[in-house]
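Since the structure comes first, as structure tokens, the remarks are kept for the end.
The values are calculated or read from the model by the stated rules, or taken from the named source; none is laboratory data. On a predicted model such as this, the values are computed, not experimentally measured, just so you know. When we count neighbours, we look across all protein chains shown, and the Cβ atoms used for this are built from the backbone with ideal geometry, even at glycine. Just so you know, the surface numbers come from the protein's heavy atoms only, side chains and all, with ligands and any DNA or RNA stripped out. Shrake-Rupley method; radii C 1.70, N 1.55, O 1.52, S 1.80 Å.
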Amino acid sequence: MHIRGDHAELVVGGRLDVRSAADARTVLHSALDSGRGDLVLDLTELDSWDATGLGVIMGAHRRAGRTGRRLVLRGVPDRMQRLLVATRLHRILAIEGGIAAECLPRV
């Protein structure tokens, strides 16, 4: 996993999983604590995430709220969008551009 950027925008790439969660958490918390306004998390380079990685995202979302900021996800890959819909987290997280229609359940 790699993360690059600053306190306003971070690009996450590789795998966000149990092996990389601690490092990712440290970087996200540091960025949230040192900036103002929205923190954009660009996930276009993210290959996959597991439950631990998703927990890191949710923890960052909660920390952002406590610091008066907002965590905004950008470029969420389709398969990860489907997971956010299945867990209903798409209703909680700010997702730039929303969720693709093909990821939403058919009624």
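Things to note:
- Among L54, L83, L16: highest mean-square fluctuation, GNM of the chain, C-alpha pairs under 10 Å: L83
- Sequence of M58, M80, M1 from largest to smallest accessible area, 1.4 Å probe: M1, M58, M80
- Whole-percent carbon and sulfur share, accessible surface of segment 2-95, 1.4 Å: 49 percent
- Surface accessible to a 1.4 Å probe, V18 within the full protein complex, Å²: 90 Å²
- Rounded to the nearest 10 Å², the accessible area of H2 at probe 1.4 Å: 80 Å²
- Accessible area expressed per residue, the chain, with surrounding protein chains retained (probe 1.4 Å, Å²): 55 Å²
- GNM result for the chain, Cα springs below 10 Å: residue of R70, R88, R62 fluctuating most strongly: R88
- If you run the Gaussian network model on the chain, springs between alpha carbon atoms under 10 Å, then out of V85, V56, V40 the most flexible one is V85.
- For the chain, the longest principal axis of the alpha carbon atoms and the long axis of helix 21-34 meet at an angle near 60°.
- Net +/- balance of residues flanking A21 in space, Cβ distance below 11 Å, scoring K and R +1, D and E -1: 0
- One decimal place: the segment S34-V18 gains 3.2 nm when fully extended, by the rule 0.36 nm per residue minus the C-alpha distance.
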